[in-house]
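The values are calculated or read from the model by the stated rules, or taken from the named source; none is laboratory data. Remember, predicted model here, so these are calculated numbers, not experimental data. Glycine also receives a Cβ, built like all others from the backbone with ideal geometry; neighbour counts cover every protein chain displayed.
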Amino acid sequence: MHCHACRRPLRNPISIQYGLGPDCLRRAVKAGNAPLEALTELAGWKRSKKRKQPAATEISATRDTMTMDLFAQPRKDAIGALYDAAEAARAFGIRVQLEIEE
């Protein structure tokens, strides 16, 4: 399993649960894309050093329900900029067909 943001291998169960490494998880919490409780859980795990891997079903169930997208806002901004550019081109009489797939 690798971090969704930086693609580094994940080694602790909290990181695996949220799909983000410790540094990326801190950034996601700061950006508002991850719950603050994630940092509390990470700190508790580091204190206890219980490196017990959660069952695979727990990981997949959590990943499916709590997938965070660190690039949601930049993607939204980029799409908005594309629409603005298409409208500006249309204002000059340029025919533009815009199709965005996600």
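Taking the conditions exactly as written (modelled with pLDDT under 85, within 15 Å of ASP69 (Cβ to Cβ) and either not in a helix (DSSP H, G or I) or not aliphatic (A, V, I, L, M) (or both)), does ALA34 satisfy them or not? If you could, list the steps in order and put the result at the bottom.
Numbers: modelled with pLDDT under 85: yes; within 15 Å of ASP69 (Cβ to Cβ): yes; either not in a helix (DSSP H, G or I) or not aliphatic (A, V, I, L, M) (or both): yes.
Yes.
Read through the list (1) more than 14 Å from HIS4 (Cβ to Cβ); (2) modelled with pLDDT under 85, then give the number of the only condition that ARG63 fails.
Here ARG63 meets the rest and fails (1).
Quick one: what pairs do we get from the stretch 10-25, first residue more than 11 Å from LEU39 (Cβ to Cβ), second of a type in the set (Ser, Thr, Tyr), C-beta under 6 Å, 6+ apart or different chains?
From residues that are more than 11 Å from LEU39 (Cβ to Cβ), the pairs are GLN17/THR62; GLY21/SER15.
If you check every pair at least six apart or on different chains, which have Cβ atoms under 6 Å apart with a residue in the stretch 69-87 that is within 21 Å of LEU20 (Cα to Cα) first and a residue that is surrounded by 12 or more Cβ atoms within 10 Å (Cβ to Cβ) second?
Within 6 Å, the pairs are LEU70/ALA5; LEU70/ALA28; LEU70/ASN33.
Of all residues in the stretch 1-31, how many are more than 16 Å from LEU70 (Cβ to Cβ) and basic (Lys, Arg)?
1
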